[in-house]
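A short write-up of the structure that comes next.
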Amino acid sequence: MTLYNNARHLREATESLLSQTGSEFALVMLDDGSSIESEPIAREYEARDHRVRYWRHAQRRGMVPTWREVVDIARREYPSAEYFAWVSDHDRWAPQWLARMVAELDAHPEAVLAYPQTLRVDEAGILIDKEPRVFDTSGIADPRERWRRFCWSGFGSGDMVYGLIRMRALEAAGIFRPVLNPDRLLVAELSQLGEIRQVGEPLWWRRQSDGASIDRQRLSLFAGAPPPRFNWPPSLQHALLLRREGFGLSMIATYVIAATWRATRKTETSKSIGRGVDQVHFAKKLVKKAFHHAVYYTLVGGRKLLAKSRRASRKALYEILMFTHRAGLRRQSR
């Protein structure tokens, strides 16, 4: 758990973690120089529960250095740990969350990450009406196919990165890179190393944060000077790192094209175009419906008119025949 100025939710988050049905775990807390209110709460839990350990930065360092360091602490203090998960200081987890994630990875050695469906809550903990994000690569043995699936359909990296991860896979994937959207890059690299499996149960209540993700990250990922090329688009930062890690050009191209397409679809221009296309489709449906109605009523009206004319013709013929018949009878009677 990395801590930063969320003392008002820290007790709820910690209590939900310490209430897990699976008790064979340690909770490593690393405070990134947050306000003084957080430390007494964390120290209280450390004194009360042997599973809790607390460290603190004298000054804030930012999200990327802190997330990397908390992994280093976990490896150093618990070298035999097979699994690792980042947890926040302001969310809430179901009591069976950890046990279900462990069971999923134990049952599927080909998987490197297991995570649950996520429910969003507001600041007061009230459920937000938002569908859980669904994504996994269960049963896909080909790393390149898993890569393509993640590039084009891998929504919700911010949820997946809080899943339970095999420690060896986390280390092989570089933990958290010094880039924008480091969670997406990490999950992308993990998808190369094994399956990502989603447990189809909502076991995590995530507090919805405000503000644009990229703008927030520029302020929160690093407290000091940002790394080189930090002003580049995230996909290009990722492409450079992936190339250094030996990824092929075709895989990088897929990643960048998919990321660019997804980013474009989020722009206001794209949304306006999408709304225009929707309006055209709607107008097309109205015209099609009107045409179908016109054809229907024309056919029905035509059939009614034809039937009416047939009845009139038969009636006229009948009357002519009857008139002729009666005239013939009168002549015979004379």
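The values are calculated or read from the model by the stated rules, or taken from the named source; none is laboratory data. If you're wondering where the values come from, they're calculated on a predicted model, not measured in any experiment. In this analysis, Cβ positions are derived from the backbone assuming ideal geometry, glycine residues included, and neighbour counts consider all displayed protein chains.
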message: Please verify whether Ala107 is over 17 Å from the mean Cα position of the chain (by Cα) and either β-branched (Val, Ile, Thr) or surrounded by 12 or more Cβ atoms within 10 Å (Cβ to Cβ) (or both), treating the condition exactly as stated.
response: no
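Across segment 137-161, what is the number of residues that are assigned to a loop (DSSP other than H, G, I, E, B), buried (at least 20 other Cβ atoms within 10 Å of the Cβ) and at pLDDT 95 or above? Explain how you work it out, then say what you get.
Let us first name the residues in segment 137-161 that are assigned to a loop (DSSP other than H, G, I, E, B), namely 137-142, 154-156, 161.
Now drop any that are not buried (at least 20 other Cβ atoms within 10 Å of the Cβ), which leaves 137, 154, 161.
Remaining after also requiring at pLDDT 95 or above: 137, 161.
Qualifying residue count for the region: 2.
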field: Subset of segment 65-86 (residues that are in contact with a helix residue (DSSP H, G or I) (Cβ under 7 Å, 6 or more places away or on another chain) and under 18 Å from Asn6 (Cα atoms))
entry: Trp86
task: Would you check which residues across segment 294-334 are aromatic (Phe, Trp, Tyr) and either over 60 Å from the mean Cα position of the chain (by Cα) or exposed (fewer than 10 other Cβ atoms within 10 Å of the Cβ) (or both) and list them?
output: Tyr318, Phe323
field: Of all residues making up segment 249-284, the number that are of a type outside the set (A, V, I, L, M), loosely packed, with under 12 Cβ neighbours inside 10 Å and modelled with pLDDT of 95 or more
entry: 1
query: Checking Glu189 against (1) surrounded by fewer than 21 Cβ atoms within 10 Å (Cβ to Cβ); (2) acidic (Asp, Glu); (3) more than 30 Å from Pro95 (Cβ to Cβ), which test does it fail?
result: (1)
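Restricting the search to segment 31-52, which residues are more than 21 Å from Met101 (Cβ to Cβ) and in contact (Cβ under 8 Å) with a residue 24 or more places away in the chain? Give the steps one after another, and end with the answer.
Residues of segment 31-52 more than 21 Å from Met101 (Cβ to Cβ): 31-48, 50.
Result: Asp31, Asp32, Gly33, Ser34, Ser35, Glu37, Ser38, Ile41, Ala42, Tyr45.
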message: Here's a check for you: in segment 182-212, which residue that is touching a Phe, Trp or Tyr at 6+ places or on another chain (Cβ under 9 Å) and of a type in the set (Gly, Ala, Ser) is farthest from Ser157 (Cα to Cα)?
response: Ser191
- prompt: Could we say that Asp106 is out of contact with any Phe, Trp or Tyr (no Cβ under 9 Å at 6 or more places or on another chain) and of a type in the set (D, E, K, R) here?
  reply: yes
message: Tell me yes or no: at least one residue of segment 209-226 is charged (D, E, K, R) and under 28 Å from Pro109 (Cα atoms).
response: no
query: Does Arg197 satisfy the criteria of being assigned by TED's automatic domain parsing to the domain that holds Val70, charged (D, E, K, R) and not in a helix (DSSP H, G or I)?
result: yes
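For segment 35-58, which positions are assigned to a loop (DSSP other than H, G, I, E, B) and either surrounded by 20 or more Cβ atoms within 10 Å (Cβ to Cβ) or modelled with pLDDT under 95 (or both)? It would help to see each step written out before you state the result.
Residues of segment 35-58 assigned to a loop (DSSP other than H, G, I, E, B): 35-37, 49-51, 57-58.
Within segment 35-58, Ser35, Ile36, Glu37, Ala58 qualify.
Going by the conditions given, is Arg314 modelled with pLDDT of 75 or more and under 30 Å from Pro233 (Cα atoms)? Working first, answer last.
Values: modelled with pLDDT of 75 or more: yes; under 30 Å from Pro233 (Cα atoms): no.
No; evaluated as a whole, the condition is false for this residue.
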